[in-house]
1. If I ask for residues that are touching a Pro at 6+ places or on another chain (Cβ under 9 Å), assigned to a helix (DSSP H, G or I) and among the hydrophobic types (A, V, I, L, M, F, W, C), which ones from segment 193-239 would you list?
2. Restricting the search to segment 94-120, which residues are of a type in the set (Gly, Ala, Ser) and surrounded by fewer than 16 Cβ atoms within 10 Å (Cβ to Cβ)?
3. How do the strands (runs of 3 or more DSSP E) wholly within segment 17-91 filter down when requiring 1 or more residues that are at pLDDT 95 or above and under 13 Å from the mean Cα position of the chain (by Cα): which remain?
4. Just one of the numbered conditions (1) under 20 Å from the mean Cα position of the chain (by Cα); (2) at pLDDT 95 or above; (3) surrounded by fewer than 20 Cβ atoms within 10 Å (Cβ to Cβ) is not true of Leu197; which one?
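The values are calculated or read from the model by the stated rules, or taken from the named source; none is laboratory data. It should be emphasised that the depicted structure is a prediction, and the values quoted were computed from it without experimental measurement. Reconstructed Cβ throughout: ideal geometry from the backbone, glycine too, with neighbour counts over all protein chains shown.
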Amino acid sequence: MKIPNAFELLKNYFVEQPKAITGLKTIQIYLYREVLDYTVLRTEEDREINTIVTPAMIGLGEVKTRVAFLGSKQKAVESRQLERLLRTSAEDAGYKIEECYLKDHLCLECPRCGLFGGTNASSSKKTKSNIKHRIAYSTAFSLDSVDDLREAITFNGISDQSQTTGQTLGERVAVKPGTFFPSIVTLTGVTWLEVVLVLKTLLSSHKYGAESRIGGDIRNHVVGIAAGWEEVMTPLEFTLEMQAADEMNEGYVERIIQRYAEGAGNPEKIRVLNSEELSQVLETARKQPLDREFLTAAFDHIKQMRKEQESK
Ligand SMILES: [Zn+2]
């Protein structure tokens, strides 16, 4: 498939064909995850929300207790969303695909498995059934302190058996709407088609957290894209920099990433999109139809990667 014009900006950072062993070509997607309803960000039953005391960095920020939005929680939602996106568009386009369910029945043939990696436990297939991930997540830290963001909410529990609202009044500690998490998703050795799939996934994922039937609405705003031979910023740096901002004017995120790029190991290889370029890339990704041609190309890439992997 021909690469769309807007994606030419990043062409030096795409691979033609995904490989099991990746090089350094890295694309970072900078996000603002905006909480739009009470969201329960916790790891275990009946526990408090996840918090973390973050340090100040040299000349930046202060010691503060923040809400931690764990990478594993972001990844679980987005991996599932990508699988559903692929399944629905395949049905829509009349393109036949294998069933692929987390976690016990991964097909290891689809772009979801190709990007997020996986192991096929039910190994009627060959034992060498695993794929290394090429998408990476890390903890995102809330902009504000946990004291400003947490709230205990009470709700009517729903009995699963009768589907009626029973007497079980539940109390959950949640983060309030209006909470922001600067966050970064990092791709390594990906095709332009995979970037389209990831952007569509990020823009269409809305339900997060442990109690998503009573809230958990989050909107992901893509506020920056940087490509290079390394990761330019980490999410903690991103949060501290965003907090230090007096106001968020146009090009602010781009300027911060550029500043970090100066300290990179391979600065001449880094390409940060300006706001106009970013909008073009986003618009192109949004408008890209997941039709038969696109799906065939994206699935064939993974089949080819598996073939090469198994021949070794
Ligand atoms: Zn799969």
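1. Leu193, Val196, Leu197, Leu236, Phe238
2. Restricting attention to segment 94-120, the residues satisfying the condition of being of a type in the set (Gly, Ala, Ser) are 94, 114, 117-118.
Selection gives Gly94 alone.
3. Numbers: elements: 26-35, 51-54, 64-69.
Strands (runs of 3 or more DSSP E) meeting the threshold: 26-35, 64-69.
4. (3)
Each row is one residue, and each column tells you yes or no for (1) in contact (Cβ under 8 Å) with a residue 12 or more places away in the chain; (2) farther than 18 Å from Leu41 by Cβ.
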position: Ala56; (1), (2): yes, yes
position: Val63; (1), (2): no, yes
position: Val67; (1), (2): yes, no
position: Lys75; (1), (2): yes, no
position: Glu78; (1), (2): yes, no
position: Leu82; (1), (2): yes, yes
position: Leu86; (1), (2): yes, yes
position: Lys96; (1), (2): no, yes
